[in-house]
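*Asks:* Provided herewith is a single structure, encoded as structure tokens, for subsequent inquiry.
The values are calculated or read from the model by the stated rules, or taken from the named source; none is laboratory data. Model, not experiment: these values are computed from the prediction. Cβ placement follows ideal geometry from the backbone for every residue including glycine, while neighbour counts extend to all protein chains displayed.
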């Protein structure tokens, strides 16, 4: 079944791979990103290599931009089936060296961005009585948690928590939720090169010169030794496509990909079980699965 | 040993109880809050009932205010031993009905606020080579996760993740971390009455009239039936005092208080174990405990 899908953050990383994989599978995909005629122009050209993939100029940090993009997708198709939340920025460095403004900006893109897209898309999904939200979380929020990624993990932990809350609140509207939990991929996503750095250079220097001087090097070497060097982020994109092709109501709540097995799968397994037990205890077990309406 | 302690959000809730408990134990406590001469004037008067407790005008949403308050505490005592992060705002309602601005504001108080205080206080703690950060988290971020608290849980999940990252990055500077994880207290903290409500009344109404109409009532009744009616938040404050009186280097990484046993203790137990294992695997097991310097 051909679906109408919007993917945020489709200019690079998992969003780009997922968007192409979904277009290849024949879905109508709106690969959304900022600046389709600016710095993402070459990516926007790549999008057009697939007949069923369309670029969408959508900046998750602007409600106006989000509203316009989602409204146009809905008006063209009279339908919207799936939202894939994969827009995010990363950051690398000692937490203390990031300014409060940097933390707020990361949250704005990685978490408030999903809220803007949800507020634009959910009225249509609720009206349809059927839909799917796919959230691209991170294993680092609940797994091994190596140092120097605090501001980033904070936003992904928040996004994951928001996804879990939305899942229960949307179930009776016929909206399903799947949370994708990728681990650390050394190939293809290039997180270190693209990560935001601390704006407070003086503090960063104190950590680089102090007792923490070798933490970054030890960690990066240790993580590289743990993870298989050939772990392919394409597997994450393919899994997103598989989830979307799974029949409504039987999709997994979470899918994990951890090349270095950092423990997130077991932590999330226990957490999701605790959630299910509490909802059963308080008489809300029905919101563990989306209601099949009509 | 008498310690110099600053407690944020000391006007009410756990911050207020902790601040009084620490003053009662003879510590020099700076009970920090906004508007000590305004709406918190009566609380500021209560502070003075303890000889060793002082009010401090500190607004965690303003770096200028935070810097001034922390600088004054340090200049008066030439020392700062403990920071207790307990300032937070809560929110209650369907996630979709909160505006992006409301999510950003909650994050600003509950997460970026801790960053502002850390950036003001940590240079002194690192210079001393000994200190303690106490973070008041929430069981709802990893335990049962009932609906309608999404924007709040998102901020507490972020705060918890940030605390975990800081713990590792500060260990070699001689700074210890304890995360306090309170559950849902029906008595004394009064979260529903003080919670922020969704600003988008139209969306909130759709949830109140739609298939989700009875979710709030079922949940509140279910949670009330689960939790012991007499669970006393004072126990959380007493535990904070106990942690502070525990010798440096042997304090617990987490302390849980869950009147209704929502599963957070076991989820966090598995998560903290996964973190410890990863740090051991990559050769950073030393940052699991603060270094004893000098």
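*Asks:* May I ask you to list the residues in region A:105-125 that are at the interface with chain B (Cβ under 7 Å from one of its Cβ atoms), touching a strand residue (DSSP E or B) at 6+ places or on another chain (Cβ under 8 Å) and within 26 Å of residue B:159 (Cβ to Cβ)? Lay out the reasoning, then the answer.
*Replies:* Residues of region A:105-125 at the interface with chain B (Cβ under 7 Å from one of its Cβ atoms): A:107-108, A:111-112, A:115-116, A:118-119, A:122.
Of the ones still in play, those that are also touching a strand residue (DSSP E or B) at 6+ places or on another chain (Cβ under 8 Å) are A:118, A:122.
Answer for region A:105-125, where residues must be at the interface with chain B (Cβ under 7 Å from one of its Cβ atoms), touching a strand residue (DSSP E or B) at 6+ places or on another chain (Cβ under 8 Å) and within 26 Å of residue B:159 (Cβ to Cβ): just A:118.
*Asks:* Pick out the one residue from A:25, A:45, A:31 that is on the phi < 0 side of the Ramachandran plot and modelled with pLDDT under 90. Steps first, answer last, please.
*Replies:* On the way: A:25 fails: modelled with pLDDT under 90; A:31 fails: modelled with pLDDT under 90.
Every option except A:45 fails the conditions.
*Asks:* Only one of (1) touching a residue at least 60 places away in the same chain (Cβ under 8 Å); (2) touching a helix residue (DSSP H, G or I) at 6+ places or on another chain (Cβ under 7 Å) is not met by residue B:104, so which one is it?
*Replies:* (1)
*Asks:* Now for a separate question. Do we find that residue A:15 is out of contact with any helix residue (DSSP H, G or I) (no Cβ under 8 Å at 6 or more places or on another chain), part of a helix (DSSP H, G or I) and within 22 Å of residue A:68 (Cβ to Cβ) in this structure? Steps first, please.
*Replies:* Values: out of contact with any helix residue (DSSP H, G or I) (no Cβ under 8 Å at 6 or more places or on another chain): yes; part of a helix (DSSP H, G or I): yes; within 22 Å of residue A:68 (Cβ to Cβ): yes.
It is true that residue A:15 is out of contact with any helix residue (DSSP H, G or I) (no Cβ under 8 Å at 6 or more places or on another chain), part of a helix (DSSP H, G or I) and within 22 Å of residue A:68 (Cβ to Cβ).
*Asks:* Next question. Would a scan of region B:218-233 turn up a residue that is touching a helix residue (DSSP H, G or I) at 6+ places or on another chain (Cβ under 7 Å), closer than 22 Å to residue B:139 by Cβ and at pLDDT 85 or above? Show your work before the answer.
*Replies:* Filtering region B:218-233 down to residues touching a helix residue (DSSP H, G or I) at 6+ places or on another chain (Cβ under 7 Å) leaves B:222, B:226, B:233.
With the extra rule that they be closer than 22 Å to residue B:139 by Cβ, the set shrinks to B:222, B:226, B:233.
Subsequent filtering for residues that are at pLDDT 85 or above retains B:222, B:233.
Taking every residue of region B:218-233 in turn, at least one turns out to be touching a helix residue (DSSP H, G or I) at 6+ places or on another chain (Cβ under 7 Å), closer than 22 Å to residue B:139 by Cβ and at pLDDT 85 or above.
*Asks:* Considering each residue of region A:141-169, count those that are more than 13 Å from the chain's Cα centre (by Cα), more than 7 Å from every other protein chain (Cβ to nearest Cβ) and within 20 Å of residue B:107 (Cβ to Cβ), and give that number.
*Replies:* The total comes to 1.
*Asks:* Condition first: facing another protein chain (nearest Cβ under 10 Å) and at pLDDT 95 or above. Now tell me which residues in region A:126-140 satisfy that.
*Replies:* Within region A:126-140, A:126, A:129 meet the criteria.
*Asks:* Somewhere in region A:139-155, is a residue under 27 Å from residue A:278 (Cα atoms), without any contact (Cβ under 8 Å) to a residue 24 or more places away in the chain and in a helix (DSSP H, G or I)?
*Replies:* Scanning region A:139-155 turns up at least one residue that is under 27 Å from residue A:278 (Cα atoms), without any contact (Cβ under 8 Å) to a residue 24 or more places away in the chain and in a helix (DSSP H, G or I).
*Asks:* May I pose another question? Looking for something farther than 29 Å from residue B:234 by Cβ and assigned to a loop (DSSP other than H, G, I, E, B) - is there at least one such residue anywhere in region B:97-120?
*Replies:* Within region B:97-120, one or more residues are farther than 29 Å from residue B:234 by Cβ and assigned to a loop (DSSP other than H, G, I, E, B).
*Asks:* A follow-up question, please. Spot the failing condition for residue A:178; the list is (1) touching a strand residue (DSSP E or B) at 6+ places or on another chain (Cβ under 8 Å); (2) surrounded by fewer than 21 Cβ atoms within 10 Å (Cβ to Cβ); (3) more than 10 Å from chain B (Cβ to nearest Cβ), and only one is missed.
*Replies:* Residue A:178 satisfies all of (1) touching a strand residue (DSSP E or B) at 6+ places or on another chain (Cβ under 8 Å); (2) surrounded by fewer than 21 Cβ atoms within 10 Å (Cβ to Cβ); (3) more than 10 Å from chain B (Cβ to nearest Cβ) except (2).
*Asks:* Which ones in region A:249-278 are more than 30 Å from residue A:226 (Cβ to Cβ), facing chain B (nearest Cβ under 10 Å) and surrounded by fewer than 22 Cβ atoms within 10 Å (Cβ to Cβ)?
*Replies:* Those that are more than 30 Å from residue A:226 (Cβ to Cβ), facing chain B (nearest Cβ under 10 Å) and surrounded by fewer than 22 Cβ atoms within 10 Å (Cβ to Cβ): A:276, A:277.
*Asks:* Ok, one more. Any chance you could count how many residues in region B:189-208 are within 12 Å of chain A (Cβ to nearest Cβ) and surrounded by fewer than 13 Cβ atoms within 10 Å (Cβ to Cβ)?
*Replies:* Looking only at that region, the number is 1.
*Asks:* Applying the selection to region B:247-294, what residues are in contact with a helix residue (DSSP H, G or I) (Cβ under 7 Å, 6 or more places away or on another chain) and more than 28 Å from residue A:214 (Cα to Cα)?
*Replies:* Listed by number, the residues that qualify are B:255, B:256, B:257, B:258, B:260, B:262, B:263, B:264, B:266, B:267.
*Asks:* Among the listed residues B:223, B:288, which satisfies the condition of being within 14 Å of chain A (Cβ to nearest Cβ) and either over 27 Å from residue B:12 (Cα atoms) or without any contact (Cβ under 8 Å) to a residue 40 or more places away in the chain (or both)? Full working, then the answer.
*Replies:* Details: B:223 fails: either over 27 Å from residue B:12 (Cα atoms) or without any contact (Cβ under 8 Å) to a residue 40 or more places away in the chain (or both).
None of the other options fit; the residue is B:288.
*Asks:* Would you check which residues across region B:88-104 are facing chain A (nearest Cβ under 10 Å) and either surrounded by fewer than 24 Cβ atoms within 10 Å (Cβ to Cβ) or at pLDDT below 95 (or both) and list them?
*Replies:* B:96, B:97, B:99, B:100, B:101, B:102, B:104
*Asks:* Scan region A:226-242 and tell me whether some residue there is without any contact (Cβ under 8 Å) to a residue 40 or more places away in the chain, closer than 30 Å to residue B:168 by Cα and surrounded by 15 or more Cβ atoms within 10 Å (Cβ to Cβ).
*Replies:* yes
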